[in-house]
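K.L.:
Have a look at this one before I ask anything.
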Amino acid sequence: MHEKPLTISFPPHSFLEYMEPRLKIVALLWWVILVVSVSTGDPHQLGYFGLSAGLLLLLNHRLLGKFLMRWLPSVLMILPLCIFLLFLQQGRTLVQFGPFTITEQGWTIALHLFSTALLCMAGVALCWASSSEADLLCALQGLGMPRPLVAVFGFMLRYLHVLRPELHRLSDARLARQIGHHTPGALRIPAQLIGALFLRSHQRAEHVAEAMAARGHDGQWRNLIHYHWHGRDLLALLLFFSITLIIRWI
Amino acid sequence: MSTAPIDHSPPALRLEELYFTYPDGVQALRGVDLTIHKGERVALIGANGSGKSTLLKQLNGLLRSPHGRVVVGGLELSTSSLTEIRRQVGFVFQDANDQLFCPTVAEDVAFGPLHLGLPMREVLQRVRCALEQVGLSEFSHRVPQRLSAGEKSLAALATVLACQPEILVLDEPTATLDPYHRRRMIDLLRSIPVTQLIATHDLDLAWELCPRVVILRQGRIVQDNSASLLLSNAELLKQYQLELPLQLQGLASSPISDPVT
């Protein structure tokens, strides 16, 4: 009888999911270095990098939902910082809103920073969307990252998992008691929710850490899936290196 | 007159003069002495806040007491023996959500054996066996967070069974279960031939499963006797904010039967 394998956590849908996680992390580092090395006055190059990221995503279109879930929050985090930067630079005035001035220099720097950060985060999100977290942690460990750092990453990821269900529970409890429309003091509620969420998820994360310790977790990440480097992985990596190098030095 | 053979092996579990105070000053344990022999199944009962969960967490070093001793299978709990003691004592948490943190059920069940340093073939074998034992063989690829409460409890038990512990410590194993899953859990626990310490408010479970009952009150063991003696004494139970098991109150449809001996 054919026995269902236990070692595949999810059926891979795209070639990125089949790739060895360690190679994906190497490719991600390469991507970040190249993107960050683009000079401020060269927006076209960032555009080409954006196009190549889009193409990669198109080839792995099944990951789109997972990718967006991981990428879009980073947009929300980066945007306010870039808006702030718009007004900080001196130079030729582009637009003026009362006492606030957007200069040409400010616009260029903010746009560059925004695009660079988005491209780097796109790489991270694509890597994260195509691998399970346990794989990524084992891959980081396999690449020689110090154990405490891997543990910190691991607990950060666990914390994210803990945060979402706690947020759902708290929102449900709030909605269940919220009769009618918003009251004048309604703005206070989300603030209280965030405080409670932090405490609750911290407590939950401690319980999870206890459960891990009870089953022998010693800070080292071990995984059910053991990946091996295949020829096709190396070929894909070489192809990726070549394309990104051509874009960078075009 | 024939006598039972003398068992010279050390008890499965021995607690001596165990005290524990939380950082906020709450004194949860006040001198607990308890000995559990190999193969025994003991129910730990008591009102909320009596120290049951704190006591259980001492058994595999999740909480460490500066006063008193915890000895598991002849091995005293210390920093150097922690790994071995955690291998011997399997802890099933009250909330299965705390215990299930991997992307799939199979990975969760494999977590313990992988951390025991077992070879991959053995790990996979144990995962299959544990899932089969709890009846979740078909759930290996499922996301734990999307299981029902009953399935989660069984999966949580499988994560511990895969480590093949010599002592099974369970904190409220039937607290969130419907009657069907509760029955499955009880039958399952009955079929597992290892020493068990079960903290529970479900006195029917204690009556059905455990020949010995320990009552904890304000961090002290106030009663330690046979289930038939303690759980049938309404006055005594009331004294410790407990009630007779439903079976003994005549509320259950099934006829009253003696506890398992």
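K.L.:
For region A:189-245, give me each residue that is open to solvent by less than 50 Å² (accessible area, probe 1.4 Å), assigned to a helix (DSSP H, G or I) and at the interface with another protein chain (Cβ under 10 Å from one of its Cβ atoms).
P.N.:
Listed by number, the residues that qualify are A:204, A:205, A:208, A:209, A:210, A:211, A:212, A:213, A:214.
K.L.:
Right, next: Every residue in region A:199-250 that is in contact with a Gly (Cβ under 8 Å, 6 or more places away or on another chain) and among the basic types (Lys, Arg), please.
P.N.:
Passing the criteria: only A:215.
K.L.:
Let me ask another. Are any residues in region A:99-145 among the charged types (D, E, K, R), under 30 Å from residue A:221 (Cα atoms) and open to solvent by 20 Å² or more (accessible area, probe 1.4 Å), and if so, which ones?
P.N.:
A:133
K.L.:
More than 14 Å from every other protein chain (Cβ to nearest Cβ) and either closer than 30 Å to residue B:239 by Cβ or open to solvent by 10 Å² or more (accessible area, probe 1.4 Å) (or both): does that describe residue B:75? Full working, then the answer.
P.N.:
Working: more than 14 Å from every other protein chain (Cβ to nearest Cβ): yes; either closer than 30 Å to residue B:239 by Cβ or open to solvent by 10 Å² or more (accessible area, probe 1.4 Å) (or both): yes.
For residue B:75, the condition - more than 14 Å from every other protein chain (Cβ to nearest Cβ) and either closer than 30 Å to residue B:239 by Cβ or open to solvent by 10 Å² or more (accessible area, probe 1.4 Å) (or both) - is met.
K.L.:
Just to verify a result, which residue in region B:42-72, among those that are among the basic types (Lys, Arg) and either within 14 Å of another protein chain (Cβ to nearest Cβ) or open to solvent by 40 Å² or more (accessible area, probe 1.4 Å) (or both), is nearest to the chain's Cα centre (by Cα)?
P.N.:
Step by step, filter region B:42-72, then rank; the result is B:57.
K.L.:
With A:64, A:46 as the choices, which residue is more than 14 Å from residue A:245 (Cα to Cα) and either part of a helix (DSSP H, G or I) or out of contact with any strand residue (DSSP E or B) (no Cβ under 7 Å at 6 or more places or on another chain) (or both)?
P.N.:
Checking each option against the conditions leaves just A:64.
K.L.:
Considering every residue within region A:30-38, establish whether at least one is at pLDDT 85 or above and open to solvent by 80 Å² or more (accessible area, probe 1.4 Å).
P.N.:
yes
Yes or no, residue by residue, for (1) surrounded by fewer than 22 Cβ atoms within 10 Å (Cβ to Cβ); (2) in contact with a Lys or Arg (Cβ under 9 Å, 6 or more places away or on another chain); (3) more than 8 Å from chain A (Cβ to nearest Cβ):
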residue: B:119; (1), (2), (3): yes, no, yes
residue: B:131; (1), (2), (3): no, no, yes
residue: B:136; (1), (2), (3): yes, yes, yes
residue: B:140; (1), (2), (3): no, yes, no
residue: B:156; (1), (2), (3): no, no, yes
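K.L.:
Of all residues in region B:101-110, count the ones that are open to solvent by 10 Å² or more (accessible area, probe 1.4 Å) and either at pLDDT 90 or above or more than 8 Å from chain A (Cβ to nearest Cβ) (or both).
P.N.:
Qualifying residue count, region B:101-110: 0.
K.L.:
While we're here: Test each condition in (1) under 21 Å from the mean Cα position of the chain (by Cα); (2) farther than 17 Å from residue B:90 by Cβ for residue B:162 and report the one that comes out false.
P.N.:
(2) is the only condition that residue B:162 fails.
K.L.:
Within region A:70-86, is even one residue in contact with a strand residue (DSSP E or B) (Cβ under 9 Å, 6 or more places away or on another chain) and either more than 29 Å from residue A:141 (Cβ to Cβ) or part of a helix (DSSP H, G or I) (or both)?
P.N.:
Checking region A:70-86: at least one residue is in contact with a strand residue (DSSP E or B) (Cβ under 9 Å, 6 or more places away or on another chain) and either more than 29 Å from residue A:141 (Cβ to Cβ) or part of a helix (DSSP H, G or I) (or both).
K.L.:
Going through B:212, B:183, B:220 one at a time, which residue ends up being open to solvent by 20 Å² or more (accessible area, probe 1.4 Å), within 19 Å of residue B:152 (Cα to Cα) and either out of contact with any Cys (no Cβ under 7 Å at 6 or more places or on another chain) or not small (Gly, Ala, Ser) (or both)? Don't jump to the end; show me each part of the working.
P.N.:
Values: B:212 fails: within 19 Å of residue B:152 (Cα to Cα); B:220 fails: within 19 Å of residue B:152 (Cα to Cα).
Going through B:212, B:183, B:220 in turn, just one is open to solvent by 20 Å² or more (accessible area, probe 1.4 Å), within 19 Å of residue B:152 (Cα to Cα) and either out of contact with any Cys (no Cβ under 7 Å at 6 or more places or on another chain) or not small (Gly, Ala, Ser) (or both): B:183.
K.L.:
Ok, one more. Mind checking whether some residue in region A:92-112 is under 30 Å from residue A:62 (Cα atoms), out of contact with any strand residue (DSSP E or B) (no Cβ under 6 Å at 6 or more places or on another chain) and either part of a helix (DSSP H, G or I) or among the small types (Gly, Ala, Ser) (or both)?
P.N.:
Start the filter on region A:92-112 by keeping residues that are under 30 Å from residue A:62 (Cα atoms), which leaves A:111-112.
This time we only want the ones that are out of contact with any strand residue (DSSP E or B) (no Cβ under 6 Å at 6 or more places or on another chain), so: A:111-112.
Going one step further and asking which of them are either part of a helix (DSSP H, G or I) or among the small types (Gly, Ala, Ser) (or both), we end up with A:111-112.
Yes, region A:92-112 has at least one match.
The values are calculated or read from the model by the stated rules, or taken from the named source; none is laboratory data. Predicted model only: the values in this text are computed from it and were never measured. All Cβ positions, even for glycine, are placed from backbone atoms using ideal geometry, and neighbour counts span all protein chains on display. Calculation scope for accessible area: heavy atoms of the full protein, side chains included, ligands and nucleic acids excluded. Shrake-Rupley method; radii C 1.70, N 1.55, O 1.52, S 1.80 Å.
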